[in-house]
Amino acid sequence: MIDKSIPTDLTAARRLTEEILSLTVASGYNEDDRFAIRLSLEEALINAIKHGNNFEPAKKVRVSADVGAKQTTITVCDEGAGFNPASVPDPTTDENLEKPSGRGIMLMRAYMDEVSYNDHGNEVRMTKRRCTGLPHLAGHN
Amino acid sequence: MTNSSHNTPLTMDVTKRGNAVVLTVTGSVSMSDAENLQEKLEQLAAERTPIIILDLKGMDFICSVGLGAIIVGHLKCRHHAGQVRLARPAASVRELLETTRLTKLFDIYDSVEEALAKK
């Protein structure tokens, strides 16, 4: 279990991402699950650092990660004013395809099994259930 | 256990092929690397390169900021009727392009040669 506050800083975020991904490797998650967790974690951290904390160095991002045998749950909380995730336009519509940003929430929802926000809109909690094709069970499926 | 294996360093290599440029992207385009990719694409666009082919065979990860960098390159190229084409994305990256529907914005090719040959 990881529970840390990091500065609003891409290098610190990158270091923490590495730490959490190492746990998924140690727990035997497959490549697809690791890609999904990595992508969603990066998107949550980008949103927290850029949109939540506005790159303000005095603010912190709190991250908890529980990498278990069956699933991984990650919570990312910033010190920003929060937002309404329902107000974010769908980046996959034709009129939004050429927008360079706005894909983070959609990607978290696409790659994780559960994604939810607190009422304040400054904390995202997401869960990835481990792929059922566990290597040690492969012969039994 | 080492921590260094997840974020493989981003490297970019430019090769001129006729009127096109092949930008070979290797490694991870994570949040802290996307700016470098965008700068490179903006530089190629500023040189009015008619066709930029991104050879993605060695790119193992890209986040939404990295996708945004490619879109910025595409928009800048359009100023001079140029094009950005994507070649040889890994399965995970291709899936990401499909999930975001960027396959509608970019032509994706199975080889660099195919991307070069397209009129």
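The values are calculated or read from the model by the stated rules, or taken from the named source; none is laboratory data. Treat the numbers as computed from the prediction; the structure is a model and nothing was measured. Please note: Cβ atoms are built from the backbone with ideal geometry, for glycine as well, and neighbour counts cover all protein chains shown. SASA here: full protein model, heavy atoms, side chains in, ligands and nucleic acids out. Shrake-Rupley method; radii C 1.70, N 1.55, O 1.52, S 1.80 Å.
Here is how the numbers come out for the structure above:
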read-out: Boolean, A:Ala48 is at pLDDT below 95 and out of contact with any Leu (no Cβ under 7 Å at 6 or more places or on another chain); value: no
read-out: Residue within region A:67-87 that is assigned to a helix (DSSP H, G or I), aliphatic (A, V, I, L, M) and either at positive phi or out of contact with any Cys (no Cβ under 7 Å at 6 or more places or on another chain) (or both) present; value: yes
read-out: Identity of the residue in region A:26-44, within 7 Å of chain B (Cβ to nearest Cβ) and of a type outside the set (Asp, Glu), that ends up farthest from A:Ile74 (Cα to Cα); value: A:Ala26
read-out: Any hit, region A:11-23, residues being more than 8 Å from every other protein chain (Cβ to nearest Cβ), touching a Leu at 6+ places or on another chain (Cβ under 8 Å) and within 22 Å of B:Ile71 (Cβ to Cβ); value: no
read-out: Residue count, region B:51-90 (criterion: surrounded by fewer than 23 Cβ atoms within 10 Å (Cβ to Cβ), more than 13 Å from chain A (Cβ to nearest Cβ), in contact with a strand residue (DSSP E or B) (Cβ under 8 Å, 6 or more places away or on another chain) and farther than 27 Å from A:Arg14 by Cβ); value: 5
read-out: Matching option when the condition is within 14 Å of the chain's Cα centre (by Cα), free of Cβ contacts under 8 Å to residues at least 60 places away in the same chain, open to solvent by less than 10 Å² (accessible area, probe 1.4 Å) and within 18 Å of A:Tyr117 (Cβ to Cβ), among A:Ile46, A:Ile74; value: A:Ile74
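Yes or no, residue by residue, for (1) without any contact (Cβ under 8 Å) to a residue 24 or more places away in the chain; (2) within 21 Å of A:Arg103 (Cα to Cα); (3) assigned to a helix (DSSP H, G or I):
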| position | (1), (2), (3) |
| --- | --- |
| B:Leu23 | no, no, no |
| B:Ser28 | no, yes, no |
| B:Met31 | no, yes, no |
| B:Leu41 | no, yes, yes |
| B:Ile52 | no, no, no |
| B:Phe61 | no, yes, no |
